[in-house]
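To keep things clear, I will list the structure first and then write my remarks on it.
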Amino acid sequence: STMRERKTTDPPHSSTHLSEGMKKLRLKQEVGLISGVSLIAGTMIGSGIFMSPEWVLHHMGNPASSLLIWAACGLLAVFGALSYAELGTIIKESGGEYIYILRIFGSFPAFLFSYTSVILVRPAGLAAVCLSFAEYAVAPFYPGCSSPQVVVKCTAAACILLLTIINCLNVRLATSVMNVFTAAKLLALLVIVVGGLVLLAKGQTQSFQNGFQGTSVSIGAVGVAFYQGLWSYDGWNNLNYVTEELKKPEVTLPRAVMIAIPLVTCLYLLVNVSYLAAMTPSELLSSGAVAVTWGDKVLGSWAWLISLSVALSTFGSSNGTFFSGGRVCYIAAREGHMPDILSMAHVRRLTPSPALMFTSVMSLIMIISGNFTSIVNFFSFIAWLFYGMTISGLLYLKIKKPELPRSYKVPIIIPIIVLMAAVYLVLAPIIDQPQVEILYIIAFIFSGIILYFPLVRFKCHPRFLQTITLHLQLFLEVAPTTKDTN
């Protein structure tokens, strides 16, 4: 990849990296350990833990096996994140799976990942989380009835626009928002945990008697239960998307992972125990929103606090998703896999504002069309397809290139376990219950071939695109950036 430089009037001594009259424009290293933990935990704790428990229980058939699924999902997230931490210390570039696939497997598979992620997966995930936020935010204004879809969609769109402004203004502002909302949602989960411990102390343990009775052993059912649980853990890899913005990434990345994911896993298990202490399995299965039902049973007149907490939680999660999702678009453009304008950063604020705006527009389209539900249902299928490819790349580097410098090494058995889990999660639902939507997703991924060869491989760029890029560059006050590999 090329390193770009920008002419400036600053004196040559303004940086040790400058040549005569030249200065590199790059994103600031604003993300420290606390912000790193907040980015991981804050993105992971979204609407999932407040909504998914009933579906995990539904597919597994009983409380004890559903708790095992939650613990296994947490362990898998830890193993995956530790494997990614080693990749992040070998390839010290932002972009997560995209940059790892690019450096290990080459341009074509990396383009297919960026194409799928930037156009479909990230915007759909962001739209889904923002719609969850909107549902809870407007619910108090429509007591006793469902909220109008127009109001919900307008609120979700307003959420995305607010996130765009926050993230375009300042990286430190975006991380501060993450820190505040992460603290708020941790407090809300602690309230649920303490409430559950009080109920257990009073002897409400009937849900855990004969806990394994009726366990589902179907390969497909277990796979789908994992999908539901892993949706709540999604975000374990978010710090790898912003490696170039980390302070001391070789230290911060592994430490943040080791703090954030075990913390979230413990909270999730305790919250599930609390739900089952307050409700019987049948009550939990019939609940449309588990956390709200728990609030009605345990908090009484203070139950509105749970709805507020879920709204805050989903807003914080959508901020983390937006923060990292925009970086994938930005890095892919910097490597020549997206239009050049998306690889630029604001000359004063040093944020990748064009990439963030593009992610925002794609998410708004998803919200307006409303035809993304089936896409989100198969989010885990696409995610684990590429996670598996990335982990196989790490195994290749460990076996074939052990001499590469790395400040952190994960035992080889851990990425092997993650790769086996990825293969299972991709194949199990297809083998057990094949669905035509999976064919649509695979067809969409490979439709990127139509764009790759003319635009990327042979660089057939219409001349008018350069004019458009120049005008947008002037209008948005952005300039090309260089990589900072620390």
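The values are calculated or read from the model by the stated rules, or taken from the named source; none is laboratory data. Just so it is clear, the structure is predicted and the values come from calculations on it, not from any experiment. Here the Cβ positions follow ideal geometry from the backbone for every residue, glycine too, while neighbour counts run over all protein chains shown. We work out accessible area using only protein heavy atoms, side chains counted, and drop any ligands, DNA or RNA first. Shrake-Rupley method; radii C 1.70, N 1.55, O 1.52, S 1.80 Å.
Seen against the Cα atoms of the chain and their longest principal axis, helix 171-201 is set at about 10 degrees.
Note on the chain: with charges restricted to the Cβ of Lys and Arg (+1) and Asp and Glu (-1), its dipole about the Cα centre is near 1240 debye. For region 308-451, a simple Cβ point-charge model (Lys and Arg +1, Asp and Glu -1, everything else neutral) yields a dipole of about 620 debye relative to the Cα centre.
Summarised as an ellipsoid, region 418-486 has semi-axes of 39, 19, 12 Å, derived from the eigenvalues of the Cα gyration tensor scaled by 5 and square-rooted, with the largest first. Residue ranges 41-54, 343-356, 150-163, 404-417 sort as 41-54, 343-356, 150-163, 404-417 when ordered by packing (mean number of other C-beta atoms within 10 Å per residue, highest first). In the frame of its principal axes, region 33-478 has Cα extents of 71, 51, 44 Å, reported largest first.
Return one number: the angle in degrees, 0 to 90 and rounded to the nearest 10, between the long axis of the Cα atoms of helix 149-169 and the longest principal axis of the Cα atoms of the chain. For 149-169 against the chain, the angle is about 40 degrees. Considering every Cα-Cα pair within region 288-342, what fraction, in whole percent, is farther apart than 15 Å? In whole percent, the share of Cα-Cα pairs in region 288-342 beyond 15 Å is 62. Kirkwood radius for region 347-450, taken over all pairs of different Cα atoms as the inverse mean of 1/r, rounds to 17.1 Å.
Using the Kirkwood radius built from alpha carbon pairs, what does the Stokes-Einstein equation give as D for region 156-259 at 37 °C and 0.692 mPa s, in µm² per second?
180 µm²/s
Averaged per residue, region 33-478 has 41 square angstrom of accessible surface, using a 1.4 angstrom probe with ligands and nucleic acids left out. Length, then width, then depth: along the principal axes, the Cα atoms of region 68-125 run 39, 30, 16 Å.
The orientation-averaged projected area of the convex hull spanned by the Cα atoms of region 169-326 comes to 11.6 nm². The peptide list 257-269, 380-392, put in order of mean Cβ contacts within 10 Å with the highest first, becomes 380-392, 257-269. A crude spin-label estimate for the pair residue 194 and residue 465, with each label 7 Å from Cα along the Cβ direction, gives 5.7 nm.
With Cα atoms defining each centre, region 429-474 and region 81-144 are spaced 17 Å apart in the structure.
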